[in-house]
Amino acid sequence: MKWFKLPRNLTLQIEPTSACNLDCEICMRRNLNRPVASLSLDNFKKILNSGKFRYVGLHGWGEPLLNWQIFEMVRYAESKGVSTNLTTNGTLVRQNMDSILSSGLREIAFGIYDKELFSRSLPQIEELIAERNNRNSKTPTTYLDITIYKGNLAQIPSLVKLGSEIRIDAVILHRLFNIYKVDSSAKCLSDDEENELFTKVKQLAKKLKLKLYLPPVHTLPCRIVKRSIFVTVEGEVTPCCYLPEFSLGNALGQGVEGIMKSEAYTSFVKNMEDHPICGKCRW
């Protein structure tokens, strides 16, 4: 497990804000007892500079575009040679369009799970892609990031088709995480349901000439922990964004690299299979 010893070239996942303008039924946020807060640019710089990162993902349990300094964070990271990604629900794209296109942002993902809800952001995403293409720009690369579960299984092909119609660059499917403080009515697909869906969607994507990324088989040690570290808006460091209340230390005081060299982090990695959440996860 050498990849746990030194935090080189990791992806930093960092939460710009815990505020959100939606209340999605499959989101953990509604069950987290956390105050609403936003990350300052100064604290973002401290966190980013406290480890060796090649990539920073701006996302968490809030809507990143609600943080008014979000694009200053993007510019700062890019100036340091760190590639940037932002995940959004897409409802605030129009009012931030010029900043999205001029900030240097490399990738933008639109998290969706419901066709009716997606209709609110679809025209804005289409406008963004059209304007990017009008500017003869290749960035940001655009993704539809679709959560799959029993409640929206029948909608997945039509969501993929909608992505193709607005000329999205790629579609990502990811499993619902329903272990930690998520509505019990939200159910994951069975292996058979997944396999049937993946076969259907791969055929559709090939027909549409659309890039498609499917979730791999879950393994332990976890691929997410291998490649990334998550920092909350308060600066708390946790191995995964799905463990927002499991803190290994605070990056603003200890630094990300220092925490990843700590006994607490090492112990977590060694005992991941026995962790009450990680041991059950198949994300």
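The values are calculated or read from the model by the stated rules, or taken from the named source; none is laboratory data. None of the values given here were measured: they were computed from a predicted structure. We place every Cβ from the backbone using ideal geometry, glycine too, and count neighbours over all the protein chains shown. These accessible areas exclude ligands, DNA and RNA; they are computed on the full protein's heavy atoms, side chains included. Shrake-Rupley method; radii C 1.70, N 1.55, O 1.52, S 1.80 Å.
Condition check for W283 on (1) over 14 Å from T11 (Cβ atoms); (2) outside any loop (DSSP other than H, G, I, E, B); (3) touching a residue at least 60 places away in the same chain (Cβ under 8 Å): one failure, at (2). Just wondering, is there one or more residues in the range 194-202 that are in contact with a Pro (Cβ under 7 Å, 6 or more places away or on another chain) and assigned to a helix (DSSP H, G or I)? Yes, there is a match, as at least one residue in the range 194-202 is in contact with a Pro (Cβ under 7 Å, 6 or more places away or on another chain) and assigned to a helix (DSSP H, G or I).
The requirement of being at pLDDT below 95 and outside any helix (DSSP H, G or I) is not satisfied by G60. Report yes if I125 is under 18 Å from the mean Cα position of the chain (by Cα), in a helix (DSSP H, G or I) and hydrophobic (A, V, I, L, M, F, W, C), otherwise no. For I125, the condition - under 18 Å from the mean Cα position of the chain (by Cα), in a helix (DSSP H, G or I) and hydrophobic (A, V, I, L, M, F, W, C) - is met.
Restrict the check to the range 65-82 and report whether at least one residue is small (G, A, S), in a helix (DSSP H, G or I) and surrounded by fewer than 17 Cβ atoms within 10 Å (Cβ to Cβ). Checked the range 65-82: at least one residue is small (G, A, S), in a helix (DSSP H, G or I) and surrounded by fewer than 17 Cβ atoms within 10 Å (Cβ to Cβ). The sole residue among V237, V171 that is farther than 30 Å from Q124 by Cα, in contact with a helix residue (DSSP H, G or I) (Cβ under 6 Å, 6 or more places away or on another chain), modelled with pLDDT of 95 or more and not in a loop (DSSP other than H, G, I, E, B) is V237.
V231 meets each of the listed conditions (1) exposed (fewer than 13 other Cβ atoms within 10 Å of the Cβ); (2) of a type in the set (V, I, T); (3) at pLDDT 95 or above apart from (1). For the range 188-217, a residue qualifies if it is open to solvent by less than 40 Å² (accessible area, probe 1.4 Å) and hydroxyl-bearing (S, T, Y), but none of them does.
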